[in-house]
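Undergrad: I'd like to ask you about the structure that follows.
None of the figures in this text is laboratory data; all of them are computed from the coordinates on show. Keep in mind it's a predicted model, so treat the numbers as computed, not measured. Here the Cβ positions follow ideal geometry from the backbone for every residue, glycine too, while neighbour counts run over all protein chains shown.
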Amino acid sequence: MATLVKKQKLKSIRHHFFIIILSIAIGALAGLGAYGVSKFIGLIQSISWKGVKDFLEIKQYVSSLYILLIPAIGGLLVGPIIFKGAREAKGHGVPEVMEAVFLKGGVIRKRVAFIKALASSITIGTGGSVGREGPIVQIGSSIASSIGQFFKVKESELKVLVGAGAAAGISATFNAPIAGALFATEIILGNFAITSFAPIIVASVMGNLVFISIEGAKPIFSVPVYSLNSGWELIFYLILGIVCGIVGILFIKILYYFEKKWMDLKLNEMIKPFFGGIIIGAIAIFYPHIMGSGYTAIDLALKGNLVLWTALLLILIKIFATSTSLSSGGSGGIFAPSLFMGAYTGFIVGSLFNYLFPSLGITPGAYALVGMGGVVSAAIHGPLTAIIIIFELTGDYNIILPLMITCIIASLLSEVFNEYSIYTLKLKLKGILFKQGIEVNILKRIKVSDIIKSDFAVVNKNTPLKNLIRKVMEKNINIFHVIDEANKYVGIITLSNLKIAIGEKDIFEGFLLVEDIYEPIEAISEQDSLEKAMAVFGRNDVNELPVLKNGEIIGVVKRTDLIETYNQEIKKIEAKSSFLAKIKFSENTDVKKISDEYFLKDLPAPSFCWGKTLKELNLRAEYGVELLNVKQKSPLVTVTLPYGNFKIKKGDTLMVAGSLERIKNFEE
């Protein structure tokens, strides 16, 4: 027995060591990716703007018409790249990584890294008002996911590796390995489990080392010397936190207002970035500060080289410009724009306090530095990440106290008015309720058979395409499932397939058949779990999956139904947890009346339950009762809302819920 335990421990140590090795590789590749993206952005910018490296100087070298057209041309290139290549590359990237971790078990399509790098580099290089940090996070996460999938690691480990890729991306971009690790745990994974820390820290450090070994440890910003001249300034920083919170709230509200407006716009998705680019170009003729990542424009605030009213105007223009770039279909991050808004907000607040209290010797640049953390914190609801990233930029411990005050106040204020951060709101609008700390494995307990639908369209593979197009026009159907002569399932046709083929004249002459354009697709069965179905959705860009039995289609599972089921389960768990928080420590074993039809009772575990899992017992289906918690004597613990693999033991006390009649039947 001792030998067996020793072998198991040795095997576990080897596996952990293997995950660390993968994390080193992920960190190195993410660091190379970050370097490659930064250089490619520079190359695109140099080609687009005739060698001009600083957007603030372009008006000296190119005409206003040139400034108007280049961002539009960039949008014209980006639209088809994203639409045809990988639609999840649109926007700021981090929500898509969170969705992959949250609902797809960490699975990210392999092409995403390349498409995101290409689209973001063109958007930023041609003047789009976005940052490179979000894309680099998505690229690092995509690399990590591909590596994890190649080595077939467990789902829980794949999620950690995706977080490690994100950490390496942030670390390499800002020369901030601690902030990178915190970003991955606080924002991407949503928990600080110690088992996640080692791979994430290793990848974060490795990403940073690779990047600076190639590029050198150059400072991103001209960071001002910081000093706290008076204790009164802590009150000023508290006020700065409130103002940063307001700016962060405005950014979130305006960005998603624009998202909706651009989504409702009756334009081809591939063309929208072109019109977004025209708007950016028109703004840049007068205010080139808003173009690209805006690092040199941020330096103006840090050095105090701004006029007060111009700084205020630029905050509003930057919010508008970034919202336009992203909402119209461009690719880039919100981190750098948040830093821009924070620097200008801090400069304004610092300048006002310096004017009101000249004897204190306040440096507006120092407030600009702290303001950067404040607006980032308000936007992403991640105060720890914001605090540490600004601290690592300065390396000055004296700034920590003002940073903590500003970032915490800004984040709290933002959370009061925005339940969702700038990242999670995007998921919420897609119907995904992102709740940190809730076990995602609830999808394992629900079968495909529970949500299967019978409303699906079928077409034989030998059907002429012109007949199929006629059917689409008549019945407004978006998806057809393709079968052969023996009624066996072979693939799928979507409107996207039809649009690609629509220009072929052979369609109308009857030569093209359905089998010429259908795509094979992964299928699922009735007995599969929704967790597997979500993983299949993650690998296939479709809105419904076929459910097969003996090779024939018997129904479909729709992505919207799956997400709705997941959200309903989350709501049930939250409601039960909230209720149990009040009663789970009660020792009273009498029946508790919750409503006229719903009761609770503590009772000893019946003998037929001993040694069986909840999955085996299936109490809800067999007896009509729900098990809310289990009080165990050995060890002395209370397990709330146990899952399917939880095993009931002799001596356990069960809290069951249901009608009086059903509780009695179960007890007997």
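Undergrad: Under a plain spin-label model, where a point goes 7 Å from the Cα along Cα-to-Cβ, how far apart in nm are F18 and K664?
TA: My value for the distance between the label points is 5.6 nm.
Undergrad: Find, among the trypsin sites (Lys or Arg not before Pro) in the stretch 260-332, those assigned to loop by DSSP (not H, G, I, E, B) with at most 13 other beta-carbon atoms within 10 angstrom.
TA: Counting only loop positions with at most 13 other Cβ atoms within 10 Å, the trypsin sites (Lys or Arg not before Pro) in the stretch 260-332 are K266.
Undergrad: Taking only DSSP H segments of four or more residues, each worth -39500 (n - 2.57), what value at 222 nm results for the chain once the sum is divided by all its residues, to the nearest 500 deg cm²/dmol?
TA: -19000 deg cm²/dmol
Undergrad: Which length gain, in nm to one decimal place, applies between L43 and F646 when the Cα-Cα distance is subtracted from 0.36 nm times their residue separation?
TA: 211.4 nm
Undergrad: For the chain, with the dipole built from +1 on Lys and Arg beta-carbon atoms and -1 on Asp and Glu ones, taken about the Cα centre, which of L43, L660, L326 lies farthest toward the positive end?
TA: Highest projection toward the positive end goes to L660.
Undergrad: Testing the spin-label approximation: label points 7 Å from Cα along Cα→Cβ at K428 and D396. State their distance in nm.
TA: Once both label points are built, they end up 3.6 nm from each other.
Undergrad: Let's test the formula: R0 of 22 Å, r as the Cβ-Cβ distance of R111 and L548. What FRET efficiency results, to the nearest 0.05?
TA: Calculated transfer efficiency: 0.25.
Undergrad: Still on this model: For the stretch 15-215, what does the convex hull of the Cα positions come to per residue, in cubic angstrom?
TA: Convex hull of Cα atoms, per residue: 102 Å³.
Undergrad: I would also like to ask the following. Are there any helices in the chain, counted as whole DSSP H runs, that stretch 27 Å or more along their axis by Cα and score at least 0.0 on average by Kyte-Doolittle, and if so which?
TA: Once both thresholds are applied, what remains is 2-48, 64-85, 155-174, 194-215, 233-264, 308-327, 335-356.
Undergrad: Modelling each spin label as a point 7 Å along the Cα-to-Cβ direction, I'd like the S359/K260 distance in nm, to one decimal.
TA: 5.1
Undergrad: Using a 10 Å cut-off on Cβ atoms, rank the peptides 167-173, 310-316, 384-390 from the highest mean neighbour count down.
TA: For the peptides 167-173, 310-316, 384-390, the packing ranking is 167-173, 384-390, 310-316.
Undergrad: Let me ask something else. Just going by the charge dipole of the chain, with Lys and Arg at +1 and Asp and Glu at -1 on Cβ, which of T394, V112, F353 is farthest out on the positive end?
TA: Of the candidates, V112 comes out farthest on the positive side.
Undergrad: Sorted from largest down, give the three principal axis spans of the alpha carbons of the chain, whole angstrom values.
TA: Per principal axis, max minus min of the Cα coordinates gives 83, 77, 57 Å.
Undergrad: Let me ask something additional. How long are the semi-axes of the equivalent ellipsoid of the stretch 144-303, defined as square roots of 5 times the Cα gyration tensor eigenvalues? Whole Å, largest first.
TA: 31, 28, 19
Undergrad: Computed FRET efficiency, Cβ-Cβ of L316 and S525, R0 56 Å: what is it to the nearest 0.05?
TA: Between L316 and S525 the formula returns 0.55.
Undergrad: Something else: What three numbers, in Å, describe the spread of the alpha carbons of the stretch 440-562 along their principal axes, ordered from the longest?
TA: Its Cα atoms span 51, 27, 23 Å along the three principal axes.
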